[in-house]
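**Q** A single structure is presented below for examination.
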Amino acid sequence: MSKPKSVYRCTECGHEHPKWAGRCDACGEWNSIAEEPAVLRAGKGGKGGKGGRNLPSYRLTAVPPARLRDISAESLTRWRTGLNEFDFVLGGGIVPGSMTLIGGEPGIGKSTLLLQAAARLETAGRTVLYTSGEESPDQLRLRADRLTEDAGAVHVLGETRLESIIEAAGAIAADVVVIDSIQTIYTGMLESAPGNVGQVRECSGQLMRFAKESGTSVIVVGHVTKGGGIAGPKTLEHIVDTVLYFEGEATLDYRLLRTTKNRFGSVDELGVFTMTENGLLAVPNPSAVFLAARADGISGSAVTALMEGTRPVLVEVQALAAKSGYGTPQRVATGLDPRRLAVLLAVLERRAKTSFADLDVFVQVTAGVRLNEPGADLAVAAALVSSLHNRPAPADVIFLGEIGLGGEIRPSGAVERRIAEAVRLGFHRVFGSSRSTVQVPGASLVGLDHVEQLVRALAA
């Protein structure tokens, strides 16, 4: 019996190559090409029995194509889990027949979150199958005993073979199937170990087909790489309907659940949880939590409002400028792109005559939040200037605006919603672009045209 021929495929774009190469011809990525054994199907070199048979068809009836105008516009059904922050990030709940991927660092709480959601779904009358390839049912029972929710009704299965998992889901007519994790699952249609690029893609494709044809919602856990991305082929994220990232430091109490793709809702939504000995608890007001430890009267602190999807969130930006003890000053940024920090320092020095040349500069965003939008530029600059002159910024002020290379200050998007959230938490003045015409009751706008005006206002 001849060994099936291997193929070489790029893990980033999926392009197939006749042989291994260091660089993908299609997307240009280096060291992204991996070897995959060819698919083994029954009667063509397969092992037969458990490993070599084809997956069953979940619906044999062919569906004829239809015109869009003939399709009824039914409202989207969602199953709420009862974990409000989890439902919010998903867009209102789990959609039947959807496939969701959740990734995160080891120990961050992915399994705990999904077990709690499974327990609440069972309480609501939905049948849930929790499949774990990393923990035995006994270990899952120990985890469930620590939770506040009663997870006793959840069906659990310690299995790594895809065909067995789908068969078990069909046997109990599961509404939701949780797979922890996709890197431990394998199919007998491939002659490779679990976690291989080909196994991850083939299993994901079969699970998506199962979800769409049976109406079962599938949630899979994905491991992450050192770079923070989900391990395996990039096509894994293209296959699924929703991609969630569970973030946060394992040594801190807060966990951030962020969506980067959602076919049934908004992207970049943010859910906040706190980790307790009894499981994860949803945080209904993230802004108040992020600012809870903020101290008044300390220099180097500024508050801004970020738009996380459809939700405005207030966060504190801290900066420290200290005399350097080395020949080359340090530039350290936590929660902010270091290149953006370098740009802002250059603009402050050139356009506002403020020098940080001989100073070490440290900038961090509290609670593990990342500044991914330019609307936070003004807050970073305000924290830097406040630390440089050792003058605290006013306690009731938030800073909203983008700083251009010429030092000009540009307005942010969704200003009205950001300011309304700030007023609700006791901030009544806004330093922002003078071109913004938004008026919110309870807040006054201090219009700025140039970053030099910010420096004068804070250094006075």
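The values are calculated or read from the model by the stated rules, or taken from the named source; none is laboratory data. Being a predicted model, the structure only gives us computed values, none of them experimental. Note that each Cβ is placed from the backbone with ideal geometry, even for glycine, and that neighbours are counted across all protein chains shown. SASA here: full protein model, heavy atoms, side chains in, ligands and nucleic acids out. Shrake-Rupley method; radii C 1.70, N 1.55, O 1.52, S 1.80 Å.
**Q** Can you tell me the relative contact order of the chain? Whole percent, Cα pairs under 8 Å, sequence separation 6 or more.
**A** Worked out over the chain, it gives 12 percent.
**Q** Non-local amide H neighbours of V178 (under 5 Å, H modeled in plane, Pro and chain starts lacking H): which ones?
**A** The answer is L129, Y130, T131, I219.
**Q** Still on this structure, please answer the following. For volume of the Cα convex hull per residue in Å³, several values are listed as (i) 130; (ii) 181; (iii) 203; flag the one computed from this structure.
**A** Given (i) 130; (ii) 181; (iii) 203, the calculated one carries the label (iii).
**Q** I would also like to ask the following. Can you bin the range 279-354 into rounded, prolate or oblate? Criterion: square roots of the alpha carbon gyration tensor eigenvalues sorted a ≥ b ≥ c, rounded for a/c under 1.5, prolate for a/b above b/c, oblate for the rest. Show your work: numbers first, answer last.
**A** Numbers: a/c = 2.24, a/b = 1.95, b/c = 1.15.
Prolate.
**Q** A further question follows. Once you charge only the Cβ atoms, +1 for Lys and Arg and -1 for Asp and Glu, what is the size of the charge dipole of the range 317-428 about its Cα centre, to the nearest 20 debye?
**A** Computed about the Cα centre, the dipole is about 100 debye.
**Q** Given a Förster radius of 25 Å and the C-beta distance between A293 and A460 as r, what FRET efficiency does 1/(1 + (r/R0)^6) yield to the nearest 0.05?
**A** Details: r = 28 Å, r/R0 = 1.11.
The calculated FRET efficiency here is 0.35.
**Q** So how much slack lies between A357 and T225, counting 0.36 nm per residue of separation and subtracting their Cα-Cα distance, in nm? List each step's numbers first, then the result.
**A** Numbers: separation 132, 0.36 × 132 = 47.52 nm, distance 3.60 nm.
Result: 43.9 nm gained on full extension.
**Q** Show the residues, 5+ positions off or on another chain, whose built amide H is closer than 5 Å to the amide H of E316.
**A** Here T366 satisfy the definition.
**Q** Next question, about the same structure. Given points 7 Å out from each Cα along the Cα-Cβ axis, report the A153 to R424 separation in nanometres with one decimal.
**A** 3.3 nm
**Q** Determine the shape class of the range 383-431: with a ≥ b ≥ c the square roots of the Cα gyration tensor eigenvalues, call it rounded for a/c under 1.5, and otherwise prolate if a/b is greater than b/c, oblate otherwise.
**A** Details: a/c = 3.67, a/b = 1.13, b/c = 3.24.
Note, shape of the range 383-431 comes out oblate.
**Q** Let me ask something else. Would you mind checking the range 86-117 for residues with the amide N under 14 Å from a putative spin-label position 7 Å along Cα→C-beta of K261?
**A** 99-103
**Q** What ³J(HN,Hα) values, in whole Hz, does the Karplus curve 6.51 cos²θ - 1.76 cosθ + 1.60 give for the range 13-27 when θ = phi - 60°, with x put for Gly and Pro?
**A** Here the 3J(HN,Hα) series is 10, x, 5, 9, 10, x, 8, 5, 9, x, 9, 6, 6, 7, 10 Hz.
**Q** Heavy atoms only, probe 1.4 angstrom, no DNA, RNA or ligands counted: give me E159, E149, E35 ranked by accessible area, highest first. Mind dumping the intermediate values first?
**A** Values: E159 50, E149 30, E35 95 Å².
Solvent-accessible surface, decreasing: E35, E159, E149.
**Q** Placing +1 on the Cβ of each Lys and Arg and -1 on the Cβ of each Asp and Glu in the range 102-239, which of T225, N196, Y186 has its Cα farthest towards the positive end of the resulting dipole?
**A** Of T225, N196, Y186, it is T225.
**Q** Tell me which of N372, A457, G426 sits at the most positive position along the dipole axis of the range 334-460, charges placed on C-beta atoms (Lys, Arg +1; Asp, Glu -1).
**A** G426
**Q** Classify the range 141-262 from the C-alpha gyration tensor, please: rounded if a/c falls under 1.5, else prolate or oblate depending on whether a/b exceeds b/c.
**A** Numbers: a/c = 1.60, a/b = 1.09, b/c = 1.46.
Because a/c hits 1.5 or more and a/b fails to exceed b/c, the range 141-262 counts as oblate.
**Q** Check G103: other-chain or 5+ apart residues with amide H under 5 Å from its amide H, H built from backbone geometry?
**A** Here the answer is G222, L244, Y245, F246, since their amide H atoms fall under 5 Å of that of G103.
**Q** For the chain, what is the percent of antiparallel DSSP beta bridges, rounded to the nearest 5? Intermediate values should be presented prior to the final figure.
**A** Numbers: 43 of 78 bridges.
Counting only bridges with both partners in the chain, antiparallel ones make up about 55 percent.
**Q** May I pose another question? Rounded to the nearest 500 deg cm²/dmol, what is the calculated helix-only ellipticity per residue at 222 nm for the chain, with -39500 (n - 2.57) per DSSP H run of length n ≥ 4?
**A** Details: 12 runs with 118 residues, N = 460.
Helix-only estimate at 222 nm: -7500 deg cm²/dmol.
**Q** Would you mind getting me the FRET efficiency between L252 and T310? Use the beta-carbon distance for r and R0 = 35 Å, nearest 0.05. Let's see the in-between values first.
**A** Numbers: r = 25 Å, r/R0 = 0.72.
That gives a FRET efficiency of 0.85.
**Q** Charges only on Cβ, +1 for Lys and Arg, -1 for Asp and Glu: so what's the dipole of the chain about the Cα centre, in debye to the nearest 20?
**A** Working: 49 positive and 50 negative charges, 195 e Å.
The dipole of the chain has a size of about 940 debye.
**Q** Further question on the same structure: What length, rounded to one decimal in nm, is gained on full extension from D145 through to K323, with 0.36 nm per residue of separation minus their alpha-carbon distance?
**A** Gain on extension, D145 to K323, equals 58.8 nm.
**Q** If you place +1 on the Cβ of every Lys and Arg and -1 on the Cβ of every Asp and Glu, how big does the dipole about the Cα centre of the range 85-140 come out, in debye to the nearest 20?
**A** Working: 3 positive and 7 negative charges, 43 e Å.
The dipole magnitude comes to about 200 debye.
**Q** What does the highest-first list of 403-411, 354-362 look like by mean Cβ count within 10 Å?
**A** Numbers: 403-411: 17.7, 354-362: 16.1.
The densest-packed peptide leads the list: 403-411, 354-362.
**Q** Hey, another quick one. Under a plain spin-label model, where a point goes 7 Å from the Cα along Cα-to-Cβ, how far apart in nm are S434 and E29?
**A** 4.8 nm
**Q** For the chain, which cysteines have no second Cys with its Cβ under 4.7 Å from theirs?
**A** C203
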